[in-house]
Amino acid sequence: IEQAAFQNDKLAMLGKIAAAIAHEIRNPLTSIRGFIQLLNPYLAQVGKQEYGRIILSEIDRANEIIYEFLNSSKPSAPLKQKVLVDLLLKETILLSESEALMRGCEIQYEIFDPDLAIAVDVKQIKQVLLNIIKNAMDAIQDVPGEHRGRIAIQARREGTYALMVIQDNGKGMEKTTLNRLFDPFFTTKEAGTGLGLSVSYRIICNHGGTIQVESQMNEGTEFMIYLPSV
Ligand code: ADP
């Protein structure tokens, strides 16, 4: 739990830095925008009104990029709605199926309680599940030689929680990887960002849930997501 608090701090810090930088850039942009507008009549006098128009539209574009960046580094508070776990998982699997097919992975699905429901931000939880499924596909692809990839997804009730299990028969993880899994920017992939699981972790925490992971080198990995059931 201490580890979790630390990771959350790090992400919160990242969000704060992003916000601070964005603020420091936005203020000068606003003032540049204002002065360019004041210069417009002079630009018109010399037939260069077009320059003013380009400067304004480029400033607006920069502002948009800052806005997008802030949004992605600081996920918004969950917009909760009641949803059946069965439906949520089926929809998510459907989204993953074509990529799974392309990468030679079979996705198996089993639910033990079709009435199991949770109150969550559906978009955010789908994002978490897609992150984990994509990581499973990557781990399967990294197994050398002929390998029948399998991702098994299960859901069941565990006391007052809904438990979703995503298990793969990919390459598994070393202990050192397992220890740093949820650290922002930790990645073992050439083109990885290392943000998928840290953001997922925060989303699940924000929903009052937890994530647990078990992994065995050359055997596979199991992610367990617990969310309060309703
Ligand atoms: P990224 O996918 O960009 O590397 P993530 O935060 O999603 O970032 O994952 C961090 C690291 O955790 C990965 O680089 C990988 O080493 C490890 N990992 C995550 N899921 C699995 C899995 N199912 N099997 C093996 N390793 C995994």
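The values are calculated or read from the model by the stated rules, or taken from the named source; none is laboratory data. If you're wondering where the values come from, they're calculated on a predicted model, not measured in any experiment. Don't worry about glycine lacking a Cβ; one is built from the backbone with ideal geometry, like all the others, and counts go over all protein chains shown. Note: accessible area is taken over every heavy atom of the protein model, side chains too, but ligands, DNA and RNA are not part of it. Shrake-Rupley method; radii C 1.70, N 1.55, O 1.52, S 1.80 Å.
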Seminar exercise, completed: Whole-Å distance linking the alpha carbon centroid of region 186-223 with that of region 72-145 is 13 Å
Exercise. Taking K and R as +1 and D and E as -1, what net charge do the other residues with C-beta under 15 Å from the C-beta of Leu38 add up to?
Worked result: +3
Exercise. Between Glu91 and Ala191, what is the spin-label point distance in nm, taking each point 7 Å from the Cα along the Cα→C-beta axis?
Worked result: 2.9 nm
Exercise. How long are the semi-axes of the ellipsoid equivalent to the chain, from square roots of 5 times the Cα gyration tensor eigenvalues, in whole Å, largest first?
Worked result: 43, 21, 18
Exercise. In degrees, nearest 10, range 0 to 90: what is the angle between the Cα axis of helix 196-206 and the longest Cα principal axis of the chain?
Worked result: 80 degrees
Problem set entry | Ranked order, Asp138, Asp9 - accessible area, probe 1.4 Å, largest first | Asp9, Asp138
For this session: Using the structure shown, list the pairs from Lys90/Lys189; Lys80/Lys126; Lys134/Lys171; Lys16/Lys126 with a Cα-Cα distance above 19 Å, or answer none.
Result: Lys90/Lys189; Lys16/Lys126
Problem set entry | Net length gained if the chain between Ile21 and Asp60 were fully extended (0.36 nm per residue, minus Cα distance) | 12.4 nm
Exercise. Any idea of the accessible area per residue across the chain, 1.4 Å probe, to the nearest Å²?
Worked result: 60 Å²
Exercise. By how many nm would the segment from Met224 to Gln141 grow when fully extended, if each residue of separation counts as 0.36 nm and the alpha-carbon distance is taken off?
Worked result: 27.7 nm
Seminar exercise, completed: Once both label points are put 7 Å beyond Cα along the C-beta direction, the Thr177-Glu99 separation in nm becomes 1.7 nm
For this session: Measure nothing but the geometry: give the 0 to 90° angle between the long axis through the Cα atoms of 2-45 and the longest principal axis through the Cα atoms of the chain, rounded to 10°.
Result: 20 degrees
Seminar exercise, completed: Expressed as a percent, the accessible surface of the chain that is carbon or sulfur, using a 1.4 Å probe and the full set of protein chains, is 56 percent
Seminar exercise, completed: Once both label points are put 7 Å beyond Cα along the C-beta direction, the Thr210-Lys80 separation in nm becomes 1.9 nm
